[in-house]
Amino acid sequence: MKDLVRTALAGEVATITLDSPANRNALSSGLLIELHAALAGALSDAGVRVLVLTGAGPAFCSGADLKESRTSPAVAPELFPRVLQLIWDSPKPIVCRVNGSARAGGIGLIAACDIAVAAQSATFAFSEVRIGATPAIIAVTCLRRMEPRAAAEYFLTGEAFGAQRAAEIGLLTRAVPEAELDQQTGRYAGLLLRGAPGALEATKTVLREAGTLPVADGLARMAKLSAGRFASAEAQEGMAAFAEKRDPSWAVRP
């Protein structure tokens, strides 16, 4: 039986591809199980420092597998949150290469990633209300990225919108011509490889927590985290490399 998700390694970058183009990479229980396993495998691999998530074929991800949902409606809602949590909590940065259209749950995957680059031809829609459902699970990641008014507009209407609009409302990092998608994805992966692994993990913590804490608690928490990083072996190496005008030991030239 053909795998629904495949992983390819190139140096310290693992590219995880949703590979079920026949149903536009729909989030079936089989695909979700394989995606969770692929993500967990890449995250546990010490040789992998950056992950890229993308899709095969003309679409990135069409959302829930509606055919499966009609017969087993509870399966995907049990599996999907685990996948989103794994992406969101990943200590390693994850770049989403949005190769084509995304709908519903597919947009939740995009929002969970740290950086998202899409082809300008890609389209997006929260189509749940049009089939009598609601974008509940993906709201947890999407509402942390999107402007509130835009979220209300598109969650409630189900209207499709383009990649440039998705970038304007915070869902994407950048929309680029399709011919530049691989180059821009590689550029971000290269930039991330120049950061120290422990520093990137700590910075993801900053991004998740700093804006959610009361000011006094936030300052105390971030001061402790900052002091710990400055005292770390990585920071000592990084500062020494800066003074000596050389690359730090972890840096990979793009």
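The values are calculated or read from the model by the stated rules, or taken from the named source; none is laboratory data. The model shown is predicted, which means the values in this text are computed figures rather than measured ones. All Cβ positions, glycine included, derive from the backbone under ideal geometry; neighbour counts span all protein chains shown.
Observations on the model:
- Any hit, the range 226-243, residues being of a type in the set (S, T, N, Q), surrounded by fewer than 13 Cβ atoms within 10 Å (Cβ to Cβ) and over 18 Å from Ala196 (Cβ atoms): no
- Considering the range 63-166, there are no qualifying helices (runs of 4 or more DSSP H) wholly inside with 1 or more residues that are within 26 Å of Leu191 (Cα to Cα), modelled with pLDDT of 95 or more and more than 12 Å from the chain's Cα centre (by Cα).
- Matching residues in the range 102-133 - criterion: being surrounded by fewer than 20 Cβ atoms within 10 Å (Cβ to Cβ), closer than 18 Å to Ala26 by Cβ and among the β-branched types (Val, Ile, Thr): Thr123, Ile131
- Candidates Glu147, Glu178: the one that is loosely packed, with under 15 Cβ neighbours inside 10 Å and more than 30 Å from Glu12 (Cα to Cα) is Glu147.
- Failed criterion for Arg229 (all others in (1) closer than 27 Å to Arg97 by Cβ; (2) outside the structural domain of Glu128 (by TED's automatic domain parsing); (3) among the basic types (Lys, Arg) hold): (1)
- Of residues in the range 195-206 being in contact (Cβ under 8 Å) with a residue 24 or more places away in the chain and hydrophobic (A, V, I, L, M, F, W, C), the one surrounded by the fewest Cβ atoms within 10 Å (Cβ to Cβ): Ala199
- Contact map, the range 40-65: residues that are free of Cβ contacts under 8 Å to residues at least 24 places away in the same chain paired with residues that are in a strand (DSSP E or B) and surrounded by fewer than 22 Cβ atoms within 10 Å (Cβ to Cβ), Cβ distance under 6 Å, separation 6+ or inter-chain. No pairs are found.
- Of all residues in the range 167-194, those that are in contact (Cβ under 8 Å) with a residue 60 or more places away in the chain and part of a loop (DSSP other than H, G, I, E, B) total 3.
- Residue check: Gly55 meets all listed conditions (1) more than 28 Å from Glu201 (Cα to Cα); (2) crowded, with 23+ Cβ neighbours inside 10 Å; (3) modelled with pLDDT of 95 or more; (4) not acidic (Asp, Glu) but one, namely (1).
- Given (1) on the phi < 0 side of the Ramachandran plot; (2) buried (at least 18 other Cβ atoms within 10 Å of the Cβ), number of the condition Gly63 does not satisfy: (1)
- Flag for Val48 being over 23 Å from Arg187 (Cβ atoms) and either of a type in the set (S, T, N, Q) or surrounded by 13 or more Cβ atoms within 10 Å (Cβ to Cβ) (or both): no
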